[in-house]
Amino acid sequence: MGSTGDFRQRIEHDLSLASGLVVKSELLNALDFGVPQKRQRLVFVGSRTGFDFRSLIRTNGPGTGRSYNTVADAIGDLPSLSSGEEATSYSKSASCEYQKLMRNGVLKNALTCHKAPNHPSETIERIMSTLPGQPMYPAFKQRIRLAWDAPSPTQVSGGIRPQFQFGHPSDARGLTIRERCRIQS
């Protein structure tokens, strides 16, 4: 096989040879499967008889009867926090199916990893002065303040300052670990 952009076919071929399975791939968007973030991923599936990606059942989006999950669906039930604050219990009930799913198995209203990053005053001002859905820095268009009524951009784990990749939609701070986990589902 050549090297003219046919990497998917090469990976499918090599994985099939190595595993003895029929390997197929497809580009999927997590939004279509209930994840409240725009996240496209190339997925490889190996099986003995082959796999038809058309058999996957989309749960959200056009033609499903359910809209895409939003930031509000993901984190709207979590307590509001200021920079450096922490909450260890829920202060309101889950208001949608996604929130109920994310709370599944929570014992006695316990909330973990919901501590806001401790920001300097300049950072708090920057977030506060940025409209939801807009970039917080002119030179870094990917660093936005999230909007309640839209899915999140892709949330990645790790990085130098992952807690401040995105601003909270209404609190003047970056996201907590719990909020990032909820958005990642």
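Solvent exposure of the chain amounts to 59 Å² per residue of accessible area, where only protein heavy atoms count and the probe is 1.4 Å.
Using only the C-alpha atoms, the convex hull of the chain corresponds to 169 Å³ per residue.
Computed over segment 21-85, the P(r) curve from all C-alpha pair distances, binned at 10 Å from the origin, holds 19, 35, 25, 14, 6, 1 percent per bin.
For segment 2-51, the spherically averaged projection of the C-alpha convex hull amounts to 4.3 nm². Helix-only arithmetic for the chain: the sum of -39500 (n - 2.57) across DSSP H runs with n ≥ 4, divided by the residue total, places the mean residue ellipticity at 222 nm at -6000 deg cm²/dmol. Centre-to-centre separation between the Cα atoms of segment 90-162 and those of segment 1-70: 28 Å. With all protein chains in place and a 1.4 Å probe, the accessible surface of segment 45-150 carries 52 percent carbon and sulfur.
The values are calculated or read from the model by the stated rules, or taken from the named source; none is laboratory data. In this text the structure is predicted, and so the values were computed from the model without any measurement. When the accessible area is computed, the model is the full protein with side chains, heavy atoms only, and any ligands, DNA or RNA have been set aside. Shrake-Rupley method; radii C 1.70, N 1.55, O 1.52, S 1.80 Å.
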